[in-house]
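Below is one structure, written out as structure tokens; comments come after it.
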Ligand SMILES: [Zn+2]
């Protein structure tokens, strides 16, 4: 019986023999579903990192992307211009004080773990990649097999990536990335979220779910997590800055969910400061994540969107709005460290 079949049958994944054999992987033993080497760590493309050693973390950027292009499991990147464009952007944010970037580009629209590891080595910045499927953009990047398979089977695929590496590279993901469409909550969206919850339960990987302003879908996701015995602390409400209903955000934060305001741009700084202040006033500063949803290598013809504004404009704007240095640290260091630490939350 292989591991995926074990999962399907609800058998605990305690058996030996399915662990990735890649030579560079640390020796691990399993207890409680989480490899001991990863429990309490943040899993980067160059291996597990102690969160306490990290400073400012950007929880939602796109280091690479082919978003808008036809789906492709492994995109065909032209490496020379890619490195010429992306490495200086990574070096720039590192110089500004960034220590880690979470790459939210999912499978089928640009994820490439080998290039990510090379970029991490070239820039000296910690980079984190993901497993999971992206169910927004009218399901354009959802592969055909996802419609046929059960949530358990999909979780089995993502857990294979967790243990053996993304696309079999041995480079392990640091979180599950999935997405739901902007309105309604389709069967496939529901299935992806359930598969993500199952993946979390076995791996402790955090779940970043593009949900945007779809408040009913957020509430349904939290219900699915509950059904699967997963705590809201495992779940990040991605693109929550598109929500106008502050009560809905408060309610999710109250339950323990992470609320991510992740489109810091020159023209959104005022709105993001206002949203962050509203969460602070409601006692939820400890649940907020901040990022740019930048894109350092978008498809041809599109200018890169670097991810430096947090450092150059947004943190100064927060300070001007009365946020203390300690509160800024909570938002930019402590919260993302906690959110992305591998740990089963049940
Ligand atoms: Zn994004």
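The values are calculated or read from the model by the stated rules, or taken from the named source; none is laboratory data. Since we're looking at a predicted model, the values are computed, not measured. A quick note on method: Cβ atoms are made from the backbone with ideal geometry, for glycine too, and the neighbour counts reach across all protein chains shown.
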Exercise for the section: Taking only the stretch 91-125 into account, find how many residues are in contact with a helix residue (DSSP H, G or I) (Cβ under 7 Å, 6 or more places away or on another chain) and free of Cβ contacts under 8 Å to residues at least 40 places away in the same chain. Expected result: 6
Problem - From the options 173, 151, residue that is modelled with pLDDT of 95 or more and surrounded by fewer than 22 Cβ atoms within 10 Å (Cβ to Cβ) - result: 151
Handout entry: Candidate set from the stretch 238-262 (those that are assigned to a helix (DSSP H, G or I) and within 16 Å of the ligand (Cβ to nearest atom)); member that is surrounded by the most Cβ atoms within 10 Å (Cβ to Cβ)
Key = 240
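Table: residues versus (1) buried (at least 24 other Cβ atoms within 10 Å of the Cβ); (2) within 16 Å of the ligand (Cβ to nearest atom); (3) assigned to a loop (DSSP other than H, G, I, E, B); (4) modelled with pLDDT of 95 or more.
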| position | (1), (2), (3), (4) |
| --- | --- |
| 195 | yes, no, no, yes |
| 209 | yes, yes, no, yes |
| 221 | yes, no, no, yes |
| 226 | no, no, no, yes |
| 236 | yes, yes, no, yes |
| 274 | no, no, no, yes |
Exercise for the section: Scan the stretch 157-165 and give yes if some residue there is touching a residue at least 60 places away in the same chain (Cβ under 8 Å) and either assigned to a loop (DSSP other than H, G, I, E, B) or under 19 Å from residue 120 (Cβ atoms) (or both), otherwise no. Expected result: yes
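What about residue 297, is it within 15 Å of the ligand (Cβ to nearest atom) and either more than 22 Å from residue 51 (Cβ to Cβ) or free of Cβ contacts under 8 Å to residues at least 24 places away in the same chain (or both)?
yes
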